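Here is the structure we will look at.
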Amino acid sequence: MDIKKLRYALLQRKTIEGFVFIIVFFAVFSYIGNIMGLSNMLNTIMNTAHDLLLQTVFYLMGVVVLSGALSRLFIEFGVVRIFEFSFGRLMRPIFHLPGVSILGAIMPFLSDNPAVLTLAKDPNFCKYFKKYQLISFINYGTAFGMGLIVVVFMLGKGYAVEPLLGVLAAIIGCIISTRIFQKILLSMDPSFDEMVPVVTVSAEEKRTLEERRNEMLQAKESTFIRFLNALLDGGKTGVDLGLAIIPGVVIISTAVFLLTFGPGPDGLYDGSPYQGIAILPALAGKINFIFDWLFGFKHPELIAFPITSLGTVGAALGQVPLFITQGFLDGNVVAVFTAIGISWSGFLSTYSAIFDAIGYRQLTSKAMVIHLISGLIAGVVAHWLYLLYSLI
């Protein structure tokens, strides 16, 4: 094809895409603005983004700073090698991941999804992985985000066994998500079967590291210095990664909340944060028989928890007291909520930033679809586990 014709075809396609985008963009926001009022809609978007920045992003940054320091301590003092030795035989047949990947379950379970990114960006940790394993490690690790918080919250509501059933279902969903993603990656590109390249340092960096090592050996408090340096270096990495997740959290979560929540307590829109048109729960209510069959949900309002978990499981947990007062909560719902809450744990608002940070942005959509399906599977498994438990 002639170069001029090719340029013309590309220009024509971009022009068409531009017009389609303008039409869709104005159609969507005109619809939302017609319901909420233009001023209220704009104020809600800005206030939600601002509140997310202050309440969520800085919280997540604190999480990655602390988890970065903890992971660096584990690496500095040989805990990683112990995990590799102790869990290698277990992790490889189940998840097809090296034993050190157990950290990718423990740290997000104790904190949140961004803890996975702290590990995935550490070259000393990544050297144990092949490329496809490191990429699938994101799906694996984010299947345990905020697990401790979810379990403790449900235990506080008077349920003991049901949250544990949910954790077991989340693990099953995680296995499915990780192994399927690995097969897709290997079928896409055989080069993903290669080991992650070892990061080399320049002669100057090597000399500096050697000098630092000698200084540490000469110091009386060498162990303390190693401890302090590991804390500070890991925390510094966490700060950089915390900044990297801001766009995904603010933009995507704002969109999810705008479509999930409804007006204020008095039924009016006033521009406050976390208001919206509640179209997602409304649509789910029309097909609630499917959710009843899959999850055992008897009330369409319950679908608000999984939908909100896509953006943030913390906000989803905030809905549980309302479900209790309305009599919607039972053992089955707790098991399903726990499984889906841990499996998804707001991955929709962090996945794009995480995959962008590790250099595989083009795989974000595939990973998200797989993780979405695995979370649904976890919910179904939790429902059936509860049914089996109720027969005992």
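Distance between the pseudo-spin-label points of Asp240 and Arg89 (7 Å out from Cα toward the beta carbon): 3.8 nm. Placing unit charges on the Cβ atoms of the charged side chains and taking the dipole of the chain about its Cα centre, the candidate lying farthest along the positive direction among Phe25, Leu11, Pro306 is Leu11. Taking R0 as 35 Å, what FRET efficiency do you get between Leu268 and Leu155 from their Cβ-Cβ distance, rounded to the nearest 0.05? That gives a FRET efficiency of 0.40.
Computed over neighbours whose Cβ is under 15 Å from that of Ile184, the net charge equals +3, Lys and Arg +1, Asp and Glu -1. Each Lys or Arg adds one and each Asp or Glu subtracts one; over the other residues with Cβ under 13 Å from the Cβ of Leu322, this totals 0.
Ordering Phe347, Met46, Ala170 by the projection of their Cα atoms onto the charge dipole of region 37-391, which places +1 on the Cβ of Lys and Arg and -1 on the Cβ of Asp and Glu, puts Ala170 at the extreme positive end. Screening the chain for whole DSSP H helices of 30 Å or more along their axis (Cα) with average Kyte-Doolittle hydropathy at least -1.0 returns 3-36, 161-188, 222-244, 364-391. Residues considered: Val196, Val65, Val381. Largest GNM mean-square fluctuation over the chain, using C-alpha springs under 10 Å, is found at Val196. Stretching Asp356 away from Phe227 to a fully extended chain increases their span by 43.4 nm, per 0.36 nm per residue minus the current alpha-carbon distance. Remark: Tyr8, Tyr269 ranked as Tyr8, Tyr269, counting other beta-carbon atoms within 10 Å and listing the fewest first. Counting every other Cβ atom within 10 Å of each residue's Cβ, Tyr140, Tyr351, Tyr389 order from fewest to most as Tyr389, Tyr351, Tyr140.
Between Lys130 and Val196, the built amide H atoms are under 5 Å apart, and every one of these is 5 or more places off in sequence or on another chain.
Counting beta carbons within 10 Å around each of Asp266, Asp193 and listing the fewest first gives the order Asp266, Asp193. Taking 25 Å as the straight-line reach from the Cα of Lys157, the lysines in range (excluding those fewer than 8 positions away in the same chain) are Lys298.
When the listed pairs Lys14/Lys131; Lys121/Lys183; Lys131/Lys236 are checked against a 28 Å cut-off, the alpha-carbon distance exceeds it for Lys14/Lys131. Sorting the segments 357-364, 183-190, 120-127 by their residues' average number of neighbouring beta-carbon atoms within 10 angstrom, most packed first, yields 120-127, 357-364, 183-190. Computing FRET efficiency as 1/(1 + (r/R0)^6) for Ala278 and Met195, where r is the C-beta to C-beta distance and R0 is 51 Å, gives about 0.60.
No value in this document is a laboratory result; all are computed from the given coordinates. Everything numeric here is computed off the predicted structure, so don't read it as measured data. Positions of Cβ are backbone-derived with ideal geometry, glycine not excepted, and every protein chain shown enters the neighbour counts.
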